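Written out below as structure tokens is the structure these notes cover.
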């Protein structure tokens, strides 16, 4: 116990003396919380639109005014031919071309249907996808109103059709910040816990201090514990800072029990720290550890369901996420914070992360050789 | 007491690099034993095996009667090891480093203060300074303090004076002598031949092999040839001409002198060393050298080492 105490004292002294690392671990959550949710806006606005109107009728103008007044589109130009409009796309000045055919109004009235042509610049896939769905919605609403205007009787007949009214549970305003911020919390804890643990142990190897430790009677168990505990505490502190920030900056109040959240974080951190420990046992320099951690962290975070939902990933990617602790964490933290899930609800995730914690730490422990 | 018995250590995937080649030696109680050899001779590998940091491929070794493989735990409690590279915590202060290592060995600084007092008084003014900010000599003193703080019976010092100024080196060796007088066995490695004379016994090592083990005096005395130190106005010309001199078995520069070795058998036949000196002087004078100075000298450990390498 006395050995562990002095080892811990040493670790904390070193952590608090490394002003740059300590500073960045404190600044990182604040910056990520202020900048990321504001900048990483999942709503697409200002889609640049070029219109080619061959009809010049009242109805075509009405459709255009519906589109521009939606707030999502910005009318760049009004051209006579598609080729002229296409130049805007080529120069990357426009995202979408809307072509209204000649006799739009006449055919709409006579035949009750009409086609419009939408061409999207799909280089930015998200923008194209969202823009197309916005345009589709606007056009179908317009369509409905036109029909009602033409045949008032249809208003009643329409009852037979299925009317879909979506209701967004747990996040009624579809505030993307609500789903993003718990994810950022997960990212932060993972980065701090994983990176710092891996780098710290490798630093001892690189500087050679581990030689002095290895010729001493310090037991492997104590040495490893003394490396894990400080970062476990540090990451928990950062998680708490993150929770407080999300409350004050974005008024996010966890719906679920904070104890459940912290219990999960505690186990999750064991897995992440174990992973950092494992990486450190395979590396001789901080540079190696940094790059290996970076490699895994990128995959973990990109496949963690923070930016794209896991459910829409291909099967093989979904299989990988089963081994991704970050995916479990982001899932659980969203469940508890937004849905108010109970302890029983997160049991499968907790179980998976516990298994990871045990496997990673045992593996790292076996691989950490005191005799090199 | 330390004994090494036929130690072998190889590195590389196919064990192709033979770092320690069947090394055997034994060190007596309270002796300063020096491993003398150039960089890459295998000194550090031997130390790391003896301090249980490295497993030998074959052979055995024991420290204070404890086997380095089986009883490594006991060895870790009784030895002090100072690696060649400064390996204390640079971001901790002098005091904190010392306290840390004392606690790790389950003792306190106060308990063994006597042992480190002479060294620590010099460090005392800097005790609040971070170890990384100390000068080279001070770092070595701190490292020695930390290696001594648990009162080890055997001390392993891997190149403790490399990169340390001559004054600090001298002080360092005086400290080792004092520690020896307190009954501590000291194994020290060094690439500096002049430090060899300060050891009780030395082992000359080259390419993982021990060339010779004896007291520095005996090693010097066993030098088979006669040795002369030569000086002249132009060193480079002197060396060039000496290399052409027929009666020299070896010539090399040695500080401000050039050393010339010659077969000692010729002197048994009645030739006096004075005649050899005359012959050499005439030869050099013929080749345009001036201010020639020749004297017969005793071989140093370095001369022996050079002889061994040839």
Count of residues meeting criterion [more than 14 Å from every other protein chain (Cβ to nearest Cβ), surrounded by fewer than 18 Cβ atoms within 10 Å (Cβ to Cβ), modelled with pLDDT of 80 or more and more than 17 Å from residue A:246 (Cβ to Cβ)] in the range A:1-56:
4
Cross-chain or 6+ apart pairs with Cβ under 9 Å, the range A:331-348 first and modelled with pLDDT of 85 or more, then exposed (fewer than 14 other Cβ atoms within 10 Å of the Cβ) and part of a helix (DSSP H, G or I)
A:336/A:258; A:343/A:259
Exception for residue A:285 within (1) surrounded by 18 or more Cβ atoms within 10 Å (Cβ to Cβ); (2) over 22 Å from residue A:334 (Cβ atoms) falls at (1)
When (1) at the interface with chain A (Cβ under 10 Å from one of its Cβ atoms); (2) buried (at least 21 other Cβ atoms within 10 Å of the Cβ); (3) at pLDDT below 90 are applied to residue B:37, the one that fails is (1)
The range B:61-88 - residue that is more than 10 Å from every other protein chain (Cβ to nearest Cβ) and over 23 Å from the mean Cα position of the chain (by Cα) and, of those, farthest from residue B:151 (Cα to Cα):
B:70
Can you name the condition, by its number, that residue B:170 falls short on among (1) in contact with a helix residue (DSSP H, G or I) (Cβ under 9 Å, 6 or more places away or on another chain); (2) within 26 Å of residue A:212 (Cα to Cα); (3) in a helix (DSSP H, G or I)?
(1)
Which helices (runs of 4 or more DSSP H) sit wholly inside the range B:235-310 and have at least 1 residues that are within 30 Å of residue B:197 (Cβ to Cβ) and modelled with pLDDT of 85 or more?
B:235-244, B:273-286, B:301-309
Residue under evaluation residue B:86, criteria (1) in a helix (DSSP H, G or I); (2) in contact with a helix residue (DSSP H, G or I) (Cβ under 9 Å, 6 or more places away or on another chain); (3) at pLDDT below 90, criterion not met:
(1)
Conditions first: (1) at pLDDT 90 or above; (2) away from every other protein chain (no Cβ under 14 Å); (3) crowded, with 20+ Cβ neighbours inside 10 Å. Residue A:226 passes all but one, so which condition is the exception?
(2)
Against the definition (part of a helix (DSSP H, G or I), modelled with pLDDT of 90 or more, in contact with a strand residue (DSSP E or B) (Cβ under 7 Å, 6 or more places away or on another chain) and assigned by TED's automatic domain parsing to the domain that holds residue B:194), how does residue B:74 come out, yes or no?
yes
Index of the failed condition, residue B:98 passing every other in (1) buried (at least 22 other Cβ atoms within 10 Å of the Cβ); (2) more than 9 Å from chain A (Cβ to nearest Cβ); (3) in a loop (DSSP other than H, G, I, E, B)
(3)
Residues of the range B:117-158 being within 19 Å of residue B:89 (Cα to Cα) and outside any helix (DSSP H, G or I), in sequence order, are B:127, B:128, B:129, B:130, B:134, B:135, B:149, B:150, B:157, B:158
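One line per residue, one yes/no per condition, for (1) in contact with a helix residue (DSSP H, G or I) (Cβ under 6 Å, 6 or more places away or on another chain); (2) over 27 Å from residue B:136 (Cα atoms); (3) surrounded by fewer than 21 Cβ atoms within 10 Å (Cβ to Cβ):
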residue	(1), (2), (3)
B:29	no, yes, yes
B:42	no, no, no
B:55	no, yes, yes
B:60	no, yes, yes
B:65	no, yes, yes
B:77	no, yes, yes
B:80	yes, no, no
B:91	yes, no, yes
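Identify the residue in the range B:103-119 that is over 19 Å from residue B:50 (Cα atoms) and at the interface with chain A (Cβ under 9 Å from one of its Cβ atoms) and, among all such residues, is surrounded by the most Cβ atoms within 10 Å (Cβ to Cβ).
B:104
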Return the only residue of A:34, A:6 being within 30 Å of residue B:105 (Cα to Cα) and either in contact with a helix residue (DSSP H, G or I) (Cβ under 8 Å, 6 or more places away or on another chain) or not assigned by TED's automatic domain parsing to the domain that holds residue A:234 (or both).
A:6
Take residue B:21 and decide whether it is within 16 Å of the chain's Cα centre (by Cα) and either within 26 Å of residue B:303 (Cβ to Cβ) or assigned by TED's automatic domain parsing to the domain that holds residue B:304 (or both).
no
Within the range B:42-53, count every residue that is farther than 17 Å from residue A:219 by Cα and facing chain A (nearest Cβ under 9 Å).
1
Report the residue count in the range A:298-320 for those that are surrounded by 19 or more Cβ atoms within 10 Å (Cβ to Cβ) and part of a helix (DSSP H, G or I).
2
If you check residue B:179 against the conditions, is it more than 14 Å from chain A (Cβ to nearest Cβ), surrounded by 19 or more Cβ atoms within 10 Å (Cβ to Cβ) and more than 16 Å from residue B:81 (Cβ to Cβ)?
no
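Go through the range B:144-166 and report how many residues are surrounded by fewer than 16 Cβ atoms within 10 Å (Cβ to Cβ) and either free of Cβ contacts under 8 Å to residues at least 24 places away in the same chain or under 21 Å from residue B:77 (Cα atoms) (or both).
1
The values are calculated or read from the model by the stated rules, or taken from the named source; none is laboratory data. Please read these numbers as outputs of a predicted model, since none were measured by experiment. All Cβ positions, glycine included, derive from the backbone under ideal geometry; neighbour counts span all protein chains shown.
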